[in-house]
Structures are given as C-alpha cells and as structure tokens.
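Notes follow the structure.
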Amino acid sequence: MLNDYISKEMDIRSLRVKLFDNDKFVFRPIWYESKLEASHNISAEDSKIIYYNRWLKKKGTLFTHKDIRVTRMFVKAPKIIPYKDITDVEIKGNIVSGYRLHINNRYLTSFSRTEKEKVEQIKKFIVNRSIYSKTS
C-alpha cells in the first residue's frame, strides 16, 4: 500500500512540475468549492488533484483520485470516467486547434493553448492512474 501511495504521489508531483507555468491547470483546487462540487457532482471528501479550467470556472476537466469528470457547455451532468475503465488513451490535434483527448476511442475533452509535451504528460498520468486502479 505504501509503495502504491508513493508511486501515485510521485506521478502527481511530476505532472505538477510539467504543468507549473500553464495557468489553465490548477492543482488541488480549493477555491469556489461549492461551484466545483455542484458542476462536477463531487462531494467534499473527494480528493481533487487537478482542474483544467475552460469556461468561467464552471466548465472544464477535473481529475480526481478515482476518475475524470468533464463538464461541457449546455450539458447539466458531467461525463465521469473511472480510471479502472480506461483501456486506451490517445492525443490528437495540434497547437493551433488544441489537443483533443480520446479515451477508449471516444472524444472526451480538449486542451487549448497547451503544448504537446504537457498534454503528453497528462496522457502519461491517466495511463498510470489506470494501471494503479486495476492493480488495487
């Protein structure tokens, strides 16, 4: 259990270092908790790792310890994908149009104004979380 915990924390630390200078990503978001909890259907005890903010702090992609939650404009319920259900992660796109994240051969979300190496780091994070959740 300790080895698993250390591996997960190292993975988060590595992601934080890579995304440090991109202001669209916020680690362990604690501001406007009630809005984040309402828009992403989470509870106060859910551990929030990183949040990608797109539209006025209401819509975006939230990575928790158990799953990925994506909220979109004009859609009330977030799309929730547990890490244990992830079998395939793919990045498509470019720096101009933005990089799109496809999970299990389906479009999930996109990251605008983000360099490819940073999106690749997110992909690596998701793959590692998927492996950890399947072995736990």
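The values are calculated or read from the model by the stated rules, or taken from the named source; none is laboratory data. All figures in this text were calculated on a predicted structure; none of them were measured in a lab. Counting neighbours? That spans all protein chains shown, and the Cβs are built from the backbone with ideal geometry, glycine included.
Odds and ends about this structure:
- The set of residues in the range 14-33 being closer than 17 Å to E120 by Cβ and surrounded by 11 or more Cβ atoms within 10 Å (Cβ to Cβ) consists of S14, L15, R16, K18, L19, F20, N22, K24, F25.
- Under the condition of being without any contact (Cβ under 8 Å) to a residue 24 or more places away in the chain and over 15 Å from S130 (Cβ atoms), the residues counted in the range 73-101 number 13.
- With respect to (1) of a type in the set (S, T, Y); (2) modelled with pLDDT of 90 or more; (3) farther than 24 Å from S136 by Cα, the lone exception for Y83 is condition (3).
- Scanning the range 86-106 for residues that are among the hydrophobic types (A, V, I, L, M, F, W, C) and at pLDDT below 95 gives I95, V96.
- Verdict on Y83 being farther than 21 Å from R13 by Cα and aromatic (F, W, Y): no
- Here L36 passes the criteria (1) of a type outside the set (D, E, K, R); (2) more than 17 Å from S133 (Cβ to Cβ); (3) touching a residue at least 40 places away in the same chain (Cβ under 8 Å) except the one numbered (3).
- Scanning the range 81-136 for residues that are among the hydroxyl-bearing types (S, T, Y) and within 18 Å of T71 (Cα to Cα) yields Y83, Y99, Y107, T109, S110, S112.
- Candidate set: the range 102-126, residues that are free of Cβ contacts under 8 Å to residues at least 40 places away in the same chain and aliphatic (A, V, I, L, M); chosen: the one nearest to R16 (Cα to Cα): V119
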